[in-house]
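J.: Have a look at this one before I ask anything.
The values are calculated or read from the model by the stated rules, or taken from the named source; none is laboratory data. This one's a predicted model, so the numbers in the text were calculated from it and none came from an experiment. Positions of Cβ are generated from backbone atoms using ideal geometry, with glycine treated the same way; all protein chains shown enter the neighbour counts. We work out accessible area using only protein heavy atoms, side chains counted, and drop any ligands, DNA or RNA first. Shrake-Rupley method; radii C 1.70, N 1.55, O 1.52, S 1.80 Å.
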Amino acid sequence: MKEIRAYIEPFMLPKLTQALLDEIPDFPGMSVSDCEGFGEVKLISGRDFTPYMPKKRIEIFAPDELTEIIFDTLMTAANTHQHGAGKVYVIDVIKSGKISTGVRKDEYLP
């Protein structure tokens, strides 16, 4: 199992969500959070220096066989062709569990 984590421009969320649902029949779902951050380039707005830019954090836990198509869809659908469009990471998940049942596994739980 993998976690696919992405940081995208907030206005791209509806387009990304639709692309994931349209292109991946067995899409496992996702969590979305508001966050702020900055990379190498910082924004200077007027006289106030603020390095933080608003982003949406997307977290998707998926079986290995869906990872590549989810990654490719994120890279394409969230692309604004501008600096700061976002980042996508793929992270190994070594254990999961369902809180409601107490079941623990070393593999993906649907």
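J.: Starting from the 7 Å offset along Cα-to-Cβ, what nm value, one decimal, do you get for the label separation of R57 and R104?
T.: It works out to 2.5 nm between the two label points.
J.: Expressed as a fraction of 2.2 N^0.38 Å, the rule-of-thumb size for a compact globular protein of N residues, what is the C-alpha radius of gyration of the chain? Spell out each step's value before the answer.
T.: Values: Rg = 16.1 Å, N = 110, 2.2 N^0.38 = 13.1 Å.
Dividing the Cα Rg of the chain by 2.2 N^0.38 Å gives 1.22.
J.: Give me the percent of accessible area attributable to carbon and sulfur for the chain, probe 1.4 angstrom. Display every interim value, and only then the final one.
T.: Details: 4050 of 7600 Å².
Carbon-and-sulfur percentage of accessible area, whole number: 53.
J.: Can I ask one more? If you count, for each residue, the other Cβ atoms within 10 Å and average over each peptide, how do 15-27, 93-105 line up from highest to lowest? Walk me through the numbers on the way to the answer.
T.: Details: 15-27: 14.3, 93-105: 9.6.
Top of the packing list down: 15-27, 93-105.
J.: May I pose another question? For segment 65-105, what are the per-bin percents of Cα-Cα distances with bins 10 Å wide, up to the bin holding the maximum?
T.: The distribution over segment 65-105 is 22, 33, 26, 16, 3, given as percents.
J.: Follow-up question, since we're still on this one. Normalising by the residue count of the chain, find the relative contact order in percent from Cα pairs under 8 Å and 6+ residues apart. Each step should come with its number before you reach the end.
T.: On the way: 181 pairs, mean separation 44.4, N = 110.
So the answer I get is 40 percent.
J.: Can you compute the helix-only [θ] at 222 nm over the chain? Use -39500 (n - 2.57) per DSSP H run of at least 4 residues, normalise by all residues, nearest 500 deg cm²/dmol. Write out the running numbers ahead of the final one.
T.: Numbers: 2 runs with 25 residues, N = 110.
Result for the chain: -7000 deg cm²/dmol, rounded to the nearest 500.
J.: Write down the accessible area per residue of the chain in Å², having rolled a 1.4 Å probe over the full set of protein chains.
T.: On the way: 7600 Å² over 110 residues.
Accessible surface, normalised per residue, equals 69 Å².
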